[in-house]
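Please read the structure below before turning to the comments.
A short reminder: the numbers here are calculations on the coordinates, not readings from a lab. Please read these numbers as outputs of a predicted model, since none were measured by experiment. Methodologically, a virtual Cβ is constructed for each residue, glycine included, from the backbone with ideal geometry; neighbour enumeration extends over all protein chains shown.
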Amino acid sequence: MTIKHIFTDLDGTLLNSDGRLTDENALLIKQSQLPVTMVSARSPREMLAPLRQLALTGPQIAFNGGLIYQMLQGELKVLDTHPMNLVTGRQILSYMAIYFPSISTTYYDERAWYADHVDYGTEIESQVTGEAPVIMNPGQFLANPASHLMKIMIMTHNSAEREVISQALAQLHLQDVNIKASGEQYLEITSRQALKSLGINYIAKSLKLNKAEMVAFGDGQNDLPMFQQVGLAVAMENAATEVKAQANLITKTNDLNGVGWGLNYLIS
């Protein structure tokens, strides 16, 4: 098998437990000289640090497939986008403000992260990503028909609270969004068309890549559809058991530079 392209999840995979790409991992990946596409629920701004470390110029996948983009000369070039319906977005944000006002609820477009106010959730997220939200009333954002609502992020205090909110949102019977749990505290809401697998298909067609020429690294259940689109699926040692069961290879943990190590193992 000739490997021509690498796809990798970020949190829990390419990045260590501190949310950073280590210098050693970056060096191992660069030594492979293979093009890399990061595939993440993060926004492009939150993907900027590892993108710069790896000097990536090819297409990247943000918002779980909701946005495919390139950074060219420091500018974001949108290649394909699947924003949420603004009416649905208003329904979700209004519901959260009325029934869960103490829960941190923020939202994104392609270029920025927005919040109605600073709270515990924005402070924690800022520490993780190094980004600060733009303070804006959601009504102002949603009133502009040109707005692209890429993701709504809900940060709860614990997994039990997250489950309560997830079940409450399910009662709204929203047909055009995906609501995904992430980590211990997050709910991430994107367009139903925002899928990691569709993002990989878009890039594969654009670059004329065969399935056998692509490798994917991941650790979570939302990486399983991505695994199905590539010739070789690599799970991290820290991945969930069901993810490991679907992988062709298991590499070291994200804290032991598992992506770089696994990549060099494959090409050696």
Estimated distance in nm for a label pair at Val164 and Asp255, the labels positioned 7 Å out from Cα along Cα-to-Cβ: 3.1
Sorted by chain and number, the residues with a modelled amide H under 5 Å from that of Met84, at a separation of 5 or more or across chains, are Leu149, Met150, Ser191
For the chain, modelled as a Gaussian network with Cα springs under 10 Å, which listed residue fluctuates most, Ala115, Ala160, Ala235? Ala160
Report, in degrees rounded to the nearest 10, the 0 to 90 angle that the Cα long axis of helix 86-99 makes with the longest principal axis of the chain. 60
If packing is taken as the average count of other Cβ atoms within 10 Å, what order do 11-19, 104-112 fall into, highest mean first? 104-112, 11-19
Number of Lys pairs in the range 124-268 with C-alpha atoms less than 19 angstrom apart, excluding same-chain neighbours closer than eight positions? 8
Using a 10 Å cut-off around each Cβ, can you sort Trp113, Trp261 from fewest to most neighbouring Cβ atoms? Trp261, Trp113
Counting other beta carbons within 10 Å of each residue's own, what order do Ser40, Ser102, Ser147, Ser206 fall into, fewest first? Ser102, Ser206, Ser147, Ser40
Thr81: net charge of surrounding residues, Cβ under 13 Å, Lys/Arg +1, Asp/Glu -1, itself excluded? 0
Can you sort Met236, Met71, Met214 so the residue with the fewest Cβ neighbours within 10 Å comes first? Met71, Met214, Met236
Cβ-Cβ FRET estimate between Gln193 and Asn248, R0 fixed at 25 Å, reported to 0.05: 0.35
Divide by every residue of the chain the summed helix terms, -39500 (n - 2.57) for each DSSP H run of at least 4, and state the resulting mean residue ellipticity at 222 nm, rounded to the nearest 500 deg cm²/dmol. -9000 deg cm²/dmol
